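Read-outs: derived from the displayed coordinates by stated rules, not from any lab. What you see is a predicted model, and the numbers here were worked out from it, not measured in a lab. Cβ sites come from the backbone with ideal geometry, for glycine too, and all protein chains shown count toward neighbours.
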Amino acid sequence: MHRYIFRRLLLMLPVMIGVTFIVFTMMYFTPGDPARIMLGESAPEDAVQRLREDMGLNDPFLMQFGRYVTNVARGDFGRSYTQRRPVATMIIDRFPTTLKLATWGVIVSIVIGIPTGIISATKQYSLFDNVSMVLALVGVSMPNFWQGLMMIIIFALNLRWFPASGFTTWKHIVLPAITLGTSSAAQITRMTRSSMLEVIRQDYIRTARAKGQVESVVINQHALKNALIPVVTVIGLSFGGLLGGAVLTESIFSIPGVGSLMIQAIRQRDYPVVQGGVLFIALSFSLVNLLVDILYAFIDPRIKAQYK
Amino acid sequence: MSNVKLQKEEVQPSVPKAPKKKKSQWLEVWRRLVKNKAAMVGLAIMLILIFSAIFADFIAPYGYDEQVLTNRFKSPSSEHLFGTDNFGRDIFSRIVYGSRISLRVGIISVAIAALCGGSLGAVAGYYGGKLDNVIMRMMDILLAIPGIILAISIVAALGPELRNVMIAVGIGGIPGFARIVRASVLSIREQEFIEAAKAVGANDFRIISKHIIPNSMAPIIVQATMGVAGAILSTAGLSFIGLGIQPPIPEWGAMLSTGRDYIRDYWHMTTFPGVAIMITIFALNLLGDGLRDALDPRLKS
Amino acid sequence: MSENKHLLEIKNLSIHYITNDGTVKAVEDMNLEIGTGETLGLVGETGAGKTTTALGIMQLVPNPPGKIIGGEIFFEGENLIGKTPVEIRKIRGNKISMIFQDPMTSLNPVMTVGEQIAEVIKLHQSVNAKEAIERSMAMLEKVGIPGERHKDYPHQFSGGMRQRVVIAIALACNPQLLIADEPTTALDVTIQAQVLDLMKNLKKEFKTSMIMITHDLGVVAEVCDKVAIMYAGNVIEYTDVKRLYTSPKHPYTIGLFGSIPDINDDEDRLKPIKGLMPDPTDLPSGCPFHPRCPKAMSICSERKPLNTEIEPGHFVKCLLFEDGVK
């Protein structure tokens, strides 16, 4: 198991270098001179040229890329053009907020998705099943930024139950977490249902019933654990969607996370911050996927046996 | 059901004569699809949308950029079905015209993704070995960046315009297609009719394009349907944060973005464009689910 | 009273599967009895209704689409049909247990075998977790698996070993009745004999009655006392093993024996029963066997045969043996 994790971490290295390469290349070829952005439109040309030389912007592409990678490996993501602060600290300052938002989003989606999926599967074609399947499809179809706005209109502006912006008390978390969690809740519901339907037809479920086991135990222990692998996969994948969705959600609810930092940076052409943000999100996503794969081993002993 | 089974058994051994059988196979898929009410609802909605995109000039009561400044922020009424916006433009007309953009971006970006991803996946699956490894690791790299973030950074780099949005959203879809096509190529590659095609001297390109691609069509179609939905969502998201289609072109996400500034007073400006997006995605999902069931009857209980 | 003599008594049992494509009469008007310590063989082709009978006794017929249409199943004098879920759960796995056909799929892949045996012990016996595990290890030893392996998962066992685990689960609570649904069909031939021997020995040791579902007449001869031959949901012949082998009556039974190679006879070819099992949703009128029957008469397509006792303890459902026909 340890060796497996170590090997997976090692395999993440080339992927992350690849991500860095993509992000760096895109920003490199983006029109606009970073030195000019830093110094402003009115700065004299020779000052801009001097800064370009200082920043190494006149070096060949590969040399600049190599320097960026080595710096990133040391935890140095460069400095923000506009704020002159190290990108790493800017991101780390805001990352807990994004992580908190995404985590609540996952919690919302699991708490809604798994029970709904189980009940739908055990009562296939019932009213509950039909209604929740339609709702799940609506949930998948709703753009989350629009849902956020609708929730602001209804719950913040009209009913005044929750605040429309900010991220300090638990009341601030409710609307963004629901906004963020809805679409993955819907996906988890659909996946739990179809996976459970598959599992409850298996022979070992009949064996459990033949033992005289209570139906709730048959479903919630025997069936659920076997149905969980694809569900966990969806949860892991939707975490990526959540990190991406967090960018929009943060912008809607004015939450000071990595997402709103990135959007602000894009508007200001503050490329080091954009680069750093993308890398950071890609890294967290990859780590979550690794976590999911490790989780498989705890769910299914057959998978554990393969992780050598 | 027994009908379906019979047909499958017939198709297997006589693949060299495939074209004739193919037709009846697709007919069978269509028959199953028609039986699925939800899928038919989805298809109907999509046909209406396509229709209104083509004939927008006739359907929309006003032009999409027709500004009447005395008529700003009107609530929905019989004159302006969905009300008017901050420039006094008719929101219903703008939504009708907006369907052109959404469908175009959806279809073209999925075409980009399917073409690039499909060929990469086919090559990776067919040749295997090192080439497969290199291609799939490249896909892993793309997959490591959540779709919308990838699209945001590509558009940020290339500049916010329609063409770049299509490219950005398309690139995000490449790994999905590559994986699906690769998987079905791997399962088809070893089958006997491929061996037979090789034995009669068909070259690789011919085998891939004539035998392997048609046989992996089912998952590609499903992925494409869902892909259009995802692409429309991403486009709207990009426009929403100001990185997509630029005004005055009516795009649903951009309309939402404008509406957001007036959210405290004029709910209709944010509500209707969002409903339009939702209905479109909903219809595509219904259709996609139906297609999956129709194309692979074994998965249906 | 018959209730005392017979552990299990099935009377006029009918089970149907009602689907969109039609109704499958999986079990029709079935009558069977099993005495204490007896073994009944239930023989027939795939789809004849053997497994449905077993599931009917366990009250595990999947509903929908399956439904018990009528009849009674007396176990220790009490009708199982109509018992509440709570009452029936106290019987399942405790007084009546079942061994399923495919050991590869009938064990839960994410639980250790020990847990799976202990589960049934904990359900029906007042023991704590530790004792349950000890007993499950003892059960493993009984079926020839080292007790320490209780911490292993099903995928770590071979097919034959898994079936031993399934047997251990079934016998863990010392049931009065064991239903074995083709317990050896999915196993290698060499393993089949071992598992069969094991079952025979354990049955003797635990004094369990047994219903052995099989399509293998060899297995029947080896382990059964009585045999019921099923065809398209009907028990068409029911008697003790000796009589069945010496004087089979129903043309289908005779056909079954004709399709088994006999090493003593020097025959060139087997005599298989002509034709195929009929479509279960569209059974032939009258006797369901008549289209394939070498002795079919005109009446066979018109009227369903009744259950006829041609001599004490030998029942045949065939118009050839009914009084007043011919």
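Note on C:101-110: average number of Cβ atoms from other chains within 10 Å of each residue's Cβ is 5. Taking the charge dipole of the protein assembly as shown about its Cα centre, with +1 at Lys and Arg Cβ atoms and -1 at Asp and Glu Cβ atoms, the residue from C:Phe157, B:Thr235, A:Met63 reaching farthest to the positive side is A:Met63.
Partner chain Cβ atoms within 10 Å, averaged over the residues of A:270-281 - can you pull that number for me? The partial results should precede the final answer.
On the way: counts 0, 3, 0, 0, 5, 1, 0, 3, 7, 2, 0, 5.
Counting Cβ atoms of other protein chains within 10 Å of each residue's Cβ and averaging gives 2.
Its Cα gyration tensor gives the stretch C:128-233 an equivalent ellipsoid. The semi-axes, each the square root of 5 times an eigenvalue, are 26, 16, 11 Å from largest down.
For C:Thr308, the residues 5 or more places off, or on other chains, whose built amide H falls under 5 Å of its own are C:Val316, C:Lys317, C:Cys318.
Of the listed peptides A:224-236, A:27-39, what is their order by residue-averaged count of other C-beta atoms within 10 Å, with the highest listed first? Can you show the working numbers first?
Values: A:224-236: 20.1, A:27-39: 15.3.
Going by the mean number of other Cβ atoms within 10 Å, highest first, we get A:224-236, A:27-39.
Measuring how big chain B is from its alpha-carbon positions, Rg and Dmax come out at 22.6, 76 Å.
Projected onto its three principal axes, the C-alpha set of the stretch B:16-100 covers 69, 24, 17 Å, listed from the longest axis down.
Ordering of C:22-34, A:87-99 by packing is C:22-34, A:87-99, highest average first (other Cβ atoms within 10 Å, averaged per residue).
Tell me, rounded to the nearest percent, the portion of alpha carbon pairs in the stretch A:11-86 spaced more than 18 Å apart. Could you put the intermediate results ahead of the total?
Numbers: 1321 of 2850 pairs.
Roughly 46 percent, rounded to a whole number.
Based on alpha carbons, the Rg and Dmax found for the stretch A:20-178 are 24.0, 75 Å. P(r) tail, the protein assembly as shown: Cα-Cα pairs separated by more than 50 Å, 37% of all pairs.
Pairs of alpha-carbon atoms within less than 8 angstrom and 6+ residues apart define the contacts here; what relative contact order does the stretch A:1-89 have, in percent?
Numbers: 37 pairs, mean separation 18.3, N = 89.
Worked out over the stretch A:1-89, it gives 21 percent.
Can you tell me the 0 to 90 degree angle between the C-alpha axis of helix A:87-122 and the longest principal axis of chain A, rounded to 10? With rounding to tens, the tilt is 20 degrees.
Would you please calculate the Kirkwood hydrodynamic radius of the stretch A:95-307 over all C-alpha pairs and express it in Å, rounded to one decimal?
Working: mean 1/r = 0.0537 Å⁻¹.
Kirkwood hydrodynamic radius for the stretch A:95-307: 18.6 Å.
Relative to the Cα centre, the charge distribution of chain C, modelled as +1 at Lys and Arg Cβ and -1 at Asp and Glu Cβ, gives a dipole magnitude of about 500 debye. Between helix A:61-73 and chain A there is an angle of about 60 degrees, using the helix long axis and the longest principal axis of the Cα atoms. Roughly what angle does helix A:271-299 make with the longest principal axis of chain A, taking Cα atoms, 0 to 90 degrees, to the nearest 10? Approximately 20 degrees, to the nearest 10. Based on every Cα atom in the stretch B:166-262, Rg and the maximum pairwise Cα distance Dmax equal 20.0, 68 Å. Considering all different alpha carbon pairs of the stretch B:223-281, the Kirkwood hydrodynamic radius works out to 11.6 Å. Across chain C, Cα pairs under 8 Å and at least six residues apart give a relative contact order of 19 percent. Can you give me the P(r) profile for chain C? Cα pairs, bins 10 angstrom wide beginning at 0, each as a whole percent. Result, from short to long distances: 6, 25, 32, 24, 10, 3, 0 percent. For the peptides A:74-80, C:57-63, the ranking by packing is C:57-63, A:74-80, with the highest mean count of neighbouring Cβ atoms within 10 Å listed first.
For chain C, what are the DSSP H helices with axial Cα length of 15 Å or more and mean Kyte-Doolittle hydropathy of at least 0.0? Can you show the working numbers first?
Working: long enough: C:113-124 (18 Å, 0.42); C:129-142 (20 Å, -0.44); C:159-171 (18 Å, 1.03); C:189-206 (26 Å, 0.05).
Correct list, ordered by number: C:113-124, C:159-171, C:189-206.
Screening chain B for whole DSSP H helices with an alpha carbon extent of at least 18 angstrom along the helix axis and a mean Kyte-Doolittle hydropathy of at least 0.5 yields B:37-54, B:91-127, B:129-143, B:162-189, B:217-240, B:268-295.
Where the centroid of each part is defined by its Cα atoms, how far is the stretch B:177-223 from the stretch C:127-165 in Å? Between the Cα centre of the stretch B:177-223 and that of the stretch C:127-165, the gap is 47 Å.
Each of B:Lys130 and C:Lys83 was given a label point 7 Å from its Cα along the Cα-to-Cβ line. The distance between the two points is 6.9 nm.
Per-residue mean of foreign Cβ neighbours for B:232-239 is 3 (Cβ atoms of other chains, 10 Å radius).
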